[in-house]
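First the structure, in the form of C-alpha cells, and then the observations on it.
The values are calculated or read from the model by the stated rules, or taken from the named source; none is laboratory data. For clarity, every value in this text was computed on a predicted model and none was experimentally measured. Note: ideal-geometry Cβ built from the backbone for every residue, glycine included; neighbour counts use all protein chains shown.
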Amino acid sequence: MKKQHITSLESLYQHLQWAVEVEHFTIPPYLCALFSIPEQSSNKDSAKIIKSVVMEEMLHMTLAANLMNAVGCTPIISQPGFLPDYPQNLPHSDDHFIVSLGPFSEAAVETFLKIEKPEKKGSSGNAEHYRTIGELYNAIEEGLEYLCKLLGPDQVFRGDVSRQVTSQDYYGGGGKIVVVECLDSARKAIMEVKEQGEGFVEGDSIWDDDAQWGQPDEPAHYYRFMEIAKGQHYQEGDTPESGPSGKKFHVDWDDVYKMKINPKVSDYPVGSEIRTLMESFNFKYTKLLDFLQKAFSGNQDKWIAAVGIMYELKYDAVALMQIPTGDGDTVVGPSFEFSYAYFRSNRTDEL
Amino acid sequence: MTDPVKLDLFLELSAFITGFERVELLGTGLALPYLEVVEKNIAPSLFVETLHKFDDARNDHPENIGQIMQRQFLAHPTYGPLLRTIIKLWYLGQWDALPESWQERFGNSTPVSGIISSSSYLEGLVWKAIDAHPMGGKQPGFGTWSSAPEEK
Amino acid sequence: MKDRIYSDHVVNGQHYDVLIIGGGMSGALIANELRNKGKKILVLEAGLVEGLSETSYQAYLSRFYTQEAKVPNSPYPNNCFAPQPNVMDIEKILPNKPDTKGYFVQKGPLPFSSTNTRSLGGTTLHWLGVCLRMLPNDFKMESCYQRGVDWPIDYWDLKPFYEQAELEIGVSADTADLKYPGAGPDFFGDYDFPMHKIPPNYLDTYLAKQLEGMRYIDDEEEIDVDVVSIPQGRNSNPNVNYIDPRTGKPYVPRGSVSDPYTGQRCEGNSNCIPICPVQAKYNALKTLQSALQSKNVEVQAQCVVSKFEFDENANVLAVRYKHYVKAGDRSGITEGRITADTYVLAASAIENAKIMLASKAQDSSGSLACNLMDHPYLLTWSLLPDHIGPFRGPFTSSGIPSFRDGRFRNKKSAFRTDIGNWGWNFPTGAPYSDVANMVDQRNLFGKDLRNKLHDTVQRQMRFGFLIEQLPSKTNCITIDPSYLDDLGNFRPIIQYDLGNYEKAGFALAKEFSDQVYQRLGAEQYTTYSPSDPGFVKYGQEGFTFHGSGHIVGTHKMGNTKFDGVVTPSQQCFEHPNLYLVGCGSMPTIGTSNPTLTMAALALKTSTELSNKLR
Ligand SMILES: Cc1cc2nc3c(=O)[nH]c(=O)nc-3n(C[C@H](O)[C@H](O)[C@H](O)COP(=O)(O)OP(=O)(O)OC[C@H]3O[C@@H](n4cnc5c(N)ncnc54)[C@H](O)[C@@H]3O)c2cc1C
Ligand code: SF4
C-alpha cells in the first residue's frame, strides 16, 4: 500500500504553494547563468538551451498557479519569505544539494543537472522531503485523486475559472498553458510539467512530448543540460545510456561575464552607486512578483506590465554584469533580493 | 592594459558631460572600447591634458564646476570640439568626424568614424535619456507601449 | 527543406509545371497554395537566399545596427547584379536631365521615391505590415466620382479572399473597433480576425480623448473625426474564437522562421521598417517556409530573369535569365533557360513591367508599364504640451480613416492618416538629430542635455497622410539600351508626376492637420522646403511628399484586352499561359496600403490555377 501524503485540502494548498515556490526557485539561478553569456559569444548554443529551459520554468510556475487557482486558493508570491536567500537548498526538498546564483560555469551546470534530475522509475509521491521535484508533483497528483474521491470533485475544484491564465495571454517557449478546471485537466497540467522537466521518469526517453502541441520535441530539461555538459546535442535514436551523438558545439567556460557568486546588496555601502543600482534591480524584481501576484489573482491585465518588467530586468542584469566589483576579478550581478523599498512605496495599503 | 587612472578619469569626465552616473556608463560595457576609440582618433598628449585639466578643475573648484566646464572646456577651441564628440559618442554610439582643421592639428592620421559596433548603437544613451529603447533592440515587450510614459 | 533551396545553378534546362518568378509575397503565396497539387513548382529568385536561417537573419540585423542611415533597405545589402532602389539616392530632378544616381533612372519631373527589396522574401522584409482592405467605393471611382477607373470586380468579389489573406498573413484587429466611411454594416459581416488588435499606443488613447467629438469643417466639407486602430500583419493575442480552417484548431501566432518561439507577439522593437528583429511582423519567408514543406516546391536563388520567349500562339515558350555565383563576380555568370506549362511573374510592379517590355510583350490596351501609382506621403509634425511616450511599439497603431471616402473625392484625393509612434523620426531623423542639434547648436551638456532631450522628444508627434493617387498613362516605365545594370539587364526608367487632384489632397490634409494641432495646443514645426526632392507647389502653398513604398498599377486588370493587361484572375490577356501578379494589377490604389489587396488577388489567382491544374 502506497503512503498517502496529502489527505486534506489544507495540505493540498500547502503543497501547491510549495510547487510554485520550487518552480520560482530555479528561475534566478538559470537567469544569472543565461545573462552572464555575452550576446556575441561562442556560447550561443548553451545560451539557447538555458533560455529554452527558463521559459519553460516560467510556464511551470504559471501552471502551478493555475492548479492553485483551480482548487480555489491563491498563490502567495509577493511576500518577503517567497524569495530564496541563495545559496540555498531546493525548498522543502531533502536538502541534498545547494543552489547558488552565479555565472555560467561547469559547477553551475552540474547543479542544474541535480535540480532537473529524473525521478527513479516507479517512484511515488514524496511530499515532505522529496528527492526530485517529480516526487512532489506525484504527491500532489495522488492527493488530488484522493481528495476528489473523498470529497467529490466539486469540493476540490472550487476555483473561479476566470482566474486561469490562458493561451491568450501566455506565450513564448515550448509547451502549452493548460486551463485547469477538473481532475483531468489538472493531470494534464502536471504531466506537462513533468514531461518537460522535473520529474521526468528515468530511463524512459530523453524527449519531452511537445509534439502533442504541434511543436518540435526537445530533450527534457535534464538532458538539455547534459548536452551542455557534453558539448553535444542529442539526436533521434539517442537514449539516456547512449548519451548525445548529434551535432557537437563549443562550450567556453571563460567566455562569460564573471559575475560574483551570490551577490548581496549588503556587499556595498549604503548609498554607493553599485548598491543603488542593485537595489533598483531588486525593486523591479519585487514589482514583477507583485504584478504576477495580481495576475494570478484575477487581474490578467497585469500580464502586459509584468512581461515588460521581465524584459527590463534582463537589460538591467546585463548592465550590472559590466561593472567590476573591485576585487580585480569579478563583476557585479543581480542579487534577486526582496525590496522593502518597493514594498513600502506600493504595497502597504494592500497588505 | 589600460591605465586604470586614465579610465577612471575618462569615466568621471564622461559622466559629467553626459549627465549619466558612472555606473550607468560602466553598465553599457563600452567604457573601455570608447576609451580606445578616443585614443585612436586624437593625439594622446591632448587627451591626457584634457583629463588632467578636468581633474584639477573639479578638485579645485567643486562648487563652480558647471560654469567652468561651460566656459573653459566646452567653449574652448581645442577641448570644446573634442568634448562634444565624446558626448555624441556616448549618446549615439558613433564617432563624428571632427572639423578638418581641428583633426589636422590634434587628431591621429587614420581616424575611425561611424557607428562603432552593434552594441554601441544599442547602448546609446539617447534612448535612456528619452525613456525609450534603441529602435530594433532591447525591446520592451508586448503591449508595453499602451501605458502612460511616466508610470511605466 | 534546405535540400530544395539552391544557390548553385542547378535548374538550367529543366521543365516545370509552374514557374514562379520572384520569391516575394505574391510568388510565395502562389507557391504555397499550389504546393499540394502534385505539380512541380519552381520559384526563381534574383537575390540571395538569406534570412531563413538564424545566422543570416542576424546578419541582416547586425548590418542594420551599424548603418548610420537606417533607411528601409539598410539591413539588406545592395547587390549589383540584382540592384535595388534606395531612398538615399533620391535627389531633386533637374529638367531634361534624368537622375541616374540610384538603380531607377528618374526622368521626373518628380522623383519616385518608393523602394523594393531584391532578396528572398522580397519587400515584405522591410514592409510595415499595415493590412487594410480597400473600401467598396475604391473599386468604382469612375462611376462614383468620375475620376480614375472602375475595377472589373468589386469589394464583394474579393471579400472571401481578403479573409483568406488575413489568415495567411496573420492579421491582428477587432472588427468591432473598425469604423470606415462608406463601409456599411456588411463590410466585415460576422467575421473577426485571427488575432485581437495590437494594443493601442499611449498616443492613440491620448488623441482619441482629445479629438473626441471633433468635426473637421471648411468651406466645402464637414467630416467627423475618428481615431481608429489599424489592422496589422504582426502578432498579437490570438482570438480564442477563431478556428484556423487549415488545422481545425484555435489559431496559433506564427513566429520567426528560424525559431517558432520567438516573435509570437509583437515585442515592441519599434523597428518594423526596416527589420523586425523577432519576426513578429509577417514576412514572406514565413509563407515560403510553409510552401517548402512540400517536396513539389523548389527555390532557385541568384537567377535574374531578363525576358520571356514567346511561341507563335503568343504563349510563353521559355524564360531567359542569368545566374551569378557572387555579387560583383563577372566570371561566375552563366545564362539559363527554363520552360514551364504556366508562368507566374511576381517580381513586383516595376520589375514585372520592365520584364514585359524587355520581352516585347503584346499589349492592345496601351496600359502596360503605365499608371504607376503610389501613396504620396505627406508629413506634419508638432510638439505636444504633454509627454506621450514616443519610440515605443510599432510604427503606427491607429489612424484617422475619416477622409478615406467622401463626396470631396470628385475634386480631390481621399487620404488616410497615420498616427506615428516614433516621434519625429521620419520627418527629422529624431532622436539622433536632436542629440546633434542640442550638443552642437544649443550647447547643452550634462544633466541639462539629458533633461532637455527627454522633455523635447517626449512631446514629439507626427501625422503621415497617405494621399490617393489617380492612375495616369504618363506615369510610366520605359527601357533604353543605354541604361543597363551590371548584369546587362535594363534599368527601369521612370517618368512620374502628380496632378492637381493629388495636390488638392495635400492641401486638404494639411488644413485638417492644422486644425488638429490647434485643438491640441501643439507647437507646429512642419516645414516644406523648395530644396526638398519631393517639393511641389500648389497655388500659393508648397508641400513635400515622400514615397510610401506602395508600387502599384503597371499591368492593370481590365474586362478585355483593350482596357487591361490582365484579367481579374491576373492572367495575361495576350499571353494566356502567363500570369502577372502583384500590386501592378490594381487599376486604382484607394487609400489602403495595397499588399492585403495584392495578397487577396494572388489567392484568387491560386484558386483559378488550382482548378486548372487538376
Ligand atoms: C518601406 C515600405 C513599407 C511598406 N509597408 C507596407 C504596409 O504597411 N502595408 C502594405 O500593404 N504594403 C506595404 N509596403 C508594400 C509591400 O512591401 C509590397 O507591396 C509587397 O511586398 C510586394 O510584394 P511582391 O511579392 O509583389 O513584390 P516583392 O516583395 O518586391 O518581391 C519581388 C521578388 O521578386 C524578386 N525579383 C525581382 N526582380 C526579379 C527578376 N528579374 N528575376 C527574378 N526575381 C526577381 C525580388 O528579389 C523579390 O524577392 C511597403 C513597402 C515599403 C517599401
Ligand atoms: S514593433 Fe517590433 S516586434 Fe513589433 S513588429 Fe515592429 S519591429 Fe517587430
Inset, instruction - Read through the list (1) in contact with a helix residue (DSSP H, G or I) (Cβ under 7 Å, 6 or more places away or on another chain); (2) part of a helix (DSSP H, G or I); (3) facing chain B (nearest Cβ under 7 Å), then give the number of the only condition that residue C:443 fails. - result: (2)
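Just checking, which of A:194, A:188 is in contact with a strand residue (DSSP E or B) (Cβ under 9 Å, 6 or more places away or on another chain) and modelled with pLDDT of 80 or more? If you could, list the steps in order and put the result at the bottom.
Numbers: A:188 fails: in contact with a strand residue (DSSP E or B) (Cβ under 9 Å, 6 or more places away or on another chain).
The conditions single out A:194.
Please find, within segment C:292-303, the residue that is farthest from ligand 2 (Cβ to nearest atom) out of those that are more than 14 Å from every other protein chain (Cβ to nearest Cβ) and polar (S, T, N, Q).
Going through the qualifying residues, I end up with C:296.
Restricting attention to segment C:182-198, does a residue exist that is closer than 22 Å to residue C:250 by Cβ and among the β-branched types (Val, Ile, Thr)?
Taking segment C:182-198 first, the residues closer than 22 Å to residue C:250 by Cβ are C:188-198.
Checking the rest, the ones that are also among the β-branched types (Val, Ile, Thr) come to C:198.
Among the residues of segment C:182-198, at least one is closer than 22 Å to residue C:250 by Cβ and among the β-branched types (Val, Ile, Thr), which makes the answer yes.
Is at least one residue of segment C:602-609 away from chain B (no Cβ under 14 Å), in contact with a Gly (Cβ under 9 Å, 6 or more places away or on another chain) and either more than 10 Å from ligand 1 (Cβ to nearest atom) or touching a residue at least 60 places away in the same chain (Cβ under 8 Å) (or both)?
Filtering segment C:602-609 for residues away from chain B (no Cβ under 14 Å) gives C:602-609.
Checking the rest, the ones that are also in contact with a Gly (Cβ under 9 Å, 6 or more places away or on another chain) come to C:602.
Now narrow it down to the ones that are either more than 10 Å from ligand 1 (Cβ to nearest atom) or touching a residue at least 60 places away in the same chain (Cβ under 8 Å) (or both): C:602.
There is at least one residue in segment C:602-609 that is away from chain B (no Cβ under 14 Å), in contact with a Gly (Cβ under 9 Å, 6 or more places away or on another chain) and either more than 10 Å from ligand 1 (Cβ to nearest atom) or touching a residue at least 60 places away in the same chain (Cβ under 8 Å) (or both).
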Inset, instruction - Name every residue in segment C:237-255 that is closer than 24 Å to residue B:133 by Cα and either among the β-branched types (Val, Ile, Thr) or surrounded by fewer than 22 Cβ atoms within 10 Å (Cβ to Cβ) (or both), in order of residue number. - result: C:255
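Pick out the one residue from C:147, C:133 that is in contact (Cβ under 8 Å) with a residue 12 or more places away in the chain, within 15 Å of ligand 1 (Cβ to nearest atom), of a type in the set (Lys, Arg) and not in a strand (DSSP E or B).
The conditions single out C:133.
Any chance segment B:107-120 includes a residue that's more than 11 Å from every other protein chain (Cβ to nearest Cβ) and in a helix (DSSP H, G or I)? Before you say what the answer is, go through the steps one by one.
Of all residues in segment B:107-120, those more than 11 Å from every other protein chain (Cβ to nearest Cβ) come to B:107-112.
Filter again for in a helix (DSSP H, G or I), leaving none.
Checking segment B:107-120: not a single residue is more than 11 Å from every other protein chain (Cβ to nearest Cβ) and in a helix (DSSP H, G or I).
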Inset, instruction - State yes or no: is residue C:108 more than 12 Å from ligand 1 (Cβ to nearest atom), modelled with pLDDT under 95 and not charged (D, E, K, R)? - result: yes
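Residue-wise test of (1) surrounded by 15 or more Cβ atoms within 10 Å (Cβ to Cβ); (2) within 14 Å of chain C (Cβ to nearest Cβ); (3) touching a residue at least 24 places away in the same chain (Cβ under 8 Å); (4) not hydroxyl-bearing (Ser, Thr, Tyr).
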| residue | (1), (2), (3), (4) |
| --- | --- |
| B:49 | no, no, no, yes |
| B:59 | no, no, no, yes |
| B:67 | no, yes, no, yes |
| B:79 | yes, yes, yes, no |
| B:83 | yes, yes, yes, yes |
| B:90 | yes, yes, yes, yes |
Legend entry - In segment C:263-285, the residues that are at pLDDT 90 or above, in a loop (DSSP other than H, G, I, E, B), under 16 Å from the mean Cα position of the chain (by Cα) and near ligand 2 (Cβ under 7 Å from one of its atoms): C:276
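Here are some residues: C:256, C:229. Which one is touching a residue at least 40 places away in the same chain (Cβ under 8 Å), within 14 Å of chain B (Cβ to nearest Cβ) and farther than 22 Å from residue C:422 by Cβ? Working first, answer last.
On the way: C:229 fails: farther than 22 Å from residue C:422 by Cβ.
Going through C:256, C:229 in turn, just one is touching a residue at least 40 places away in the same chain (Cβ under 8 Å), within 14 Å of chain B (Cβ to nearest Cβ) and farther than 22 Å from residue C:422 by Cβ: C:256.
State whether the residues of segment C:34-57 include one that is within 14 Å of chain B (Cβ to nearest Cβ) and either away from ligand 2 (no atom under 16 Å from the Cβ) or not in a loop (DSSP other than H, G, I, E, B) (or both).
Let us first name the residues in segment C:34-57 that are within 14 Å of chain B (Cβ to nearest Cβ), namely C:57.
With the extra rule that they be either away from ligand 2 (no atom under 16 Å from the Cβ) or not in a loop (DSSP other than H, G, I, E, B) (or both), the set shrinks to C:57.
Yes, segment C:34-57 contains at least one residue that is within 14 Å of chain B (Cβ to nearest Cβ) and either away from ligand 2 (no atom under 16 Å from the Cβ) or not in a loop (DSSP other than H, G, I, E, B) (or both).
Out of the residues in segment A:290-302 that are part of a helix (DSSP H, G or I) and surrounded by fewer than 21 Cβ atoms within 10 Å (Cβ to Cβ), which is modelled with the highest pLDDT?
Going through segment A:290-302, the residues part of a helix (DSSP H, G or I) turn out to be A:290-295, A:302.
Filter again for surrounded by fewer than 21 Cβ atoms within 10 Å (Cβ to Cβ), leaving A:294, A:302.
On the way: A:294: 92, A:302: 88.
It comes out as A:294.
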Legend entry - Residues located in segment B:121-148, provided they are in contact with a helix residue (DSSP H, G or I) (Cβ under 6 Å, 6 or more places away or on another chain), under 20 Å from residue C:449 (Cα atoms), outside any helix (DSSP H, G or I) and facing chain C (nearest Cβ under 8 Å): B:130, B:133
Inset, instruction - Within segment A:314-345, work out how many residues are more than 11 Å from every other protein chain (Cβ to nearest Cβ) and in contact (Cβ under 8 Å) with a residue 24 or more places away in the chain. - result: 15
Inset, instruction - Please tell me if residue C:477 is more than 16 Å from ligand 2 (Cβ to nearest atom), in contact with a helix residue (DSSP H, G or I) (Cβ under 7 Å, 6 or more places away or on another chain), under 28 Å from residue C:506 (Cα atoms) and part of a loop (DSSP other than H, G, I, E, B). - result: no
Legend entry - Matching option when the condition is more than 11 Å from every other protein chain (Cβ to nearest Cβ) and aliphatic (A, V, I, L, M), among C:430, C:414, C:436: C:414
Legend entry - Pairs, first within 14 Å of chain B (Cβ to nearest Cβ) in segment C:275-291, second within 11 Å of ligand 1 (Cβ to nearest atom), C-beta under 6 Å, six or more apart: C:280/C:234; C:281/C:129; C:281/C:234; C:281/C:272
Legend entry - Residue check, residue B:127 closer than 30 Å to residue B:47 by Cβ, aromatic (Phe, Trp, Tyr) and free of Cβ contacts under 8 Å to residues at least 24 places away in the same chain: yes
Inset, instruction - For residue A:27, state whether it is assigned to a helix (DSSP H, G or I), of a type in the set (Val, Ile, Thr), away from chain C (no Cβ under 14 Å) and within 24 Å of residue A:263 (Cβ to Cβ). - result: yes
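Within segment B:6-16, identify whether any single residue is free of Cβ contacts under 8 Å to residues at least 60 places away in the same chain, farther than 25 Å from residue B:129 by Cα and surrounded by fewer than 20 Cβ atoms within 10 Å (Cβ to Cβ), and answer yes or no. Quick ask: steps written out before the conclusion?
If we filter segment B:6-16 for residues that are free of Cβ contacts under 8 Å to residues at least 60 places away in the same chain, which is where we start, we get B:6-12, B:15-16.
So of that shortlist, the ones also farther than 25 Å from residue B:129 by Cα come out as B:6.
Subset that is surrounded by fewer than 20 Cβ atoms within 10 Å (Cβ to Cβ): B:6.
So far as segment B:6-16 goes, yes, one or more of its residues are free of Cβ contacts under 8 Å to residues at least 60 places away in the same chain, farther than 25 Å from residue B:129 by Cα and surrounded by fewer than 20 Cβ atoms within 10 Å (Cβ to Cβ).
Based on this model, can you work out whether residue C:306 counts as more than 11 Å from ligand 2 (Cβ to nearest atom) and either among the hydrophobic types (A, V, I, L, M, F, W, C) or touching a strand residue (DSSP E or B) at 6+ places or on another chain (Cβ under 9 Å) (or both)? Before you say what the answer is, go through the steps one by one.
Working: more than 11 Å from ligand 2 (Cβ to nearest atom): yes; either among the hydrophobic types (A, V, I, L, M, F, W, C) or touching a strand residue (DSSP E or B) at 6+ places or on another chain (Cβ under 9 Å) (or both): yes.
Judged against the criteria, residue C:306 is a match.
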Inset, instruction - Among the residues of segment A:291-300, count how many are in contact with a helix residue (DSSP H, G or I) (Cβ under 8 Å, 6 or more places away or on another chain) and either facing chain B (nearest Cβ under 10 Å) or among the polar types (S, T, N, Q) (or both). - result: 1
